[in-house]
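Worksheet: the structure to be examined is printed underneath.
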Amino acid sequence: MPADSSRPRAHPRSLSGLRPFLRPYKLQIALALLFLFLAAAATLVFPLALRELIDGGLAPQDRGTQLLALREHFALLFAVAAAMGVFSAVRFYLMSWLGERVTADVRNAVYAHVLQQSPEFFETTQTGEVLSRLTTDTTLVQTVVGSSFSMGLRSSVTGLGALAMLIWTNPLIMAQVLGVLLLVVAPSVWFGRRVRRLSRASQDRVADSSAIAAEVLNAIPVVQGYTAETRETQRFDNATENAFATARRRVRARATLMGFIIVATSGALLWGLYQGTQAVIAGQISAGHLGQTVVYILMLAGAFAVLGEVYGELLRAAGATERLMELLHLRSPIASPAQPLALPPAQGPSALRFEAVTFHYPSRPAQAALADFTLDVRPGETVALVGPSGAGKSTVLQLLLRFYDPQAGRIVLDGVPITAVKLQDLRARMALVPQEPVLFSASALENIRYGRPDASDEEVRAAARAAYADDFIRALPQGYDTFLGERGVRLSGGQRQRIAIARAMLKNAPLMLLDEATSALDAESERMVQAALESAMRDRTTLVIAHRLATVQQADRIVVIDQGRLVEQGTHAALVQANGLYARLAALQFKS
């Protein structure tokens, strides 16, 4: 989801998307609000206690009486200050806890939702963009929920309370001040809109640089092999400079907004203070009254300053929330049906049928990856899919796994259309060994156990032995407990492939999908793993994709695909004798 200038600008209303995440914590919110109002009330009482100190404690009277009065007034001031401290500390803890909790919930929800998206989503969305939303955007949400929102609400309550007290005690003066303050609103609204627009743009630019970094870091061998470090560094520099330039405009607009609000409100309040000093000189109010007025004016000015800053933070968080909600509101075109049908109990190899399937990838709508493809696979049969690159072989497996749905035709597994089955139930029937083996940042043991999380250590080792991975795993520094590094970088391609095969064999599903499962193996390893795979194939239905035809000569049936169509099928000997596409491919490979 790249940045799009046509998107609606982020608005504070976007924060309403957080409501479902706040709802479970009503008690904590209520307690936080209670202590917030108590802290604000204690703050508003402080000027009244100060007025009593000035007018009562400093009034001409007997010295002993005066000392006692001063002690009482200072004790009262300290009690008010202590209440402010306790109430503020509890409020701070509750709001900070809420911010951390809601951020964790949002991050978990977005991550879980992204994992449910079909491959179509990842065709158009860079991984770095998603990571930016999971990290940078959720951090902004945490700042607002746990800090800025609390500060803004506290300043609003305190500011409104101070304003109410000023109007009650100085109605004529505050009428003039409020008239001036109204003139501040219009420019502030204009600045706020600009800040809001730049906040969203700034977050998009940061996501762009994150996407570049994620892409390049996942391709370090290629980057270094082509001595492209300088080029990629420059590309990242350009992205970060664009992000900095946008952020600078945002900060400049926010600084202007904040400065204008502080200067304008301070000017208006100082005018009111000037009028108050004139009233003291004229004997219309007492010195304590003026002191109370000064403190309330400082409170009101401080509240306006904080609100100006918080408003900018709210705009940034609104943009972040909008981006997160975009992810959460995505609906994958591939989903389990509302009323799924149950597959029959798995009591042996699966039966499989493709019925006149036609499919176009969303990114290539004009080109059919499969066209009127029909194939019937009997239980326990091993079927090899061969053909030129781009013929549609891997597409067969992707449709079977329901990574995509065909535009026409249907696929039936064990007598049930796969679109009528829960995705989890469907994929539980299959074990996949992809062409590019995927290993996680974990031990060899845990990487194999990924195929069946409840498997015992001995079952994991048995699967490794069957895939001829046991010997090299035992030779690792910590054996099965050896950390394999990110994407298994500490292993050779053939070793990674054998661990992926062991993972699939551990799953022991009735349908095995092998997409060039031996492509990364040397000749000796390929023979060993081929023997293990042939042994495993006896108890399950198997679809094998292979470019090296020597690996599929013993398949029960070989299906030849060309330009998305099934053009030939039969045994190796029959297809060679037919002198068609398979015979030509075989002649090229076996001659070489």
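The range 422-518: percent of C-alpha pairs farther apart than 16 Å?
Distances greater than 16 Å cover 51 percent of the Cα pairs.
With N set to the residue count of the range 335-381, report its C-alpha Rg divided by 2.2 N^0.38 Å to two decimal places.
1.57
Could you state the orientation-averaged shadow area of the convex hull built on the Cα atoms of the range 86-157, in nm² to one decimal?
For the range 86-157, the mean projected area of the Cα convex hull comes to 5.5 nm².
Largest first, what is the accessible-area ranking of Asp425, Asp105, Asp539 with a 1.4 Å probe?
From most accessible down to least: Asp539, Asp425, Asp105.
Starting with the highest mean, order 443-452, 568-577, 157-166 by the number of other Cβ atoms within 10 Å, averaged over the residues of each peptide.
443-452, 157-166, 568-577
For a quick check of understanding: with a 1.4 angstrom probe and all protein chains in place, what accessible area in square angstrom does Phe244 have, to the nearest ten?
110
For the range 327-451, report the accessible area per residue in Å² (1.4 Å probe, heavy atoms, rounded to an integer).
Normalised by residue count, the accessible surface of the range 327-451 is 45 Å².
Given a 1.4 Å probe and heavy atoms of the protein chains only, how would you sort Thr138, Thr143, largest accessible area at the top?
Reading off the accessible areas and sorting them downward yields Thr143, Thr138.
Counting only protein chains, not ligands or nucleic acids, how are Phe483, Phe304 ordered by accessible area (probe 1.4 Å), most first?
Phe483, Phe304
Can you give me the solvent accessible area of Thr103 with a 1.4 Å probe, rounded to the nearest 10 Å²?
Only protein atoms counted, so the area is about 10 Å².
Cβ neighbours within 10 Å, averaged per peptide: list 291-297, 472-478, 35-41 in order, most packed at the top.
291-297, 35-41, 472-478
The values are calculated or read from the model by the stated rules, or taken from the named source; none is laboratory data. Please read all numbers here as calculations on a predicted model, not as lab measurements. Note that we place each Cβ from the backbone using ideal geometry, even for glycine, and neighbour counts take in every protein chain shown. Only protein heavy atoms, including side chains, enter the accessible area calculation; ligands, DNA and RNA are left aside. Shrake-Rupley method; radii C 1.70, N 1.55, O 1.52, S 1.80 Å.
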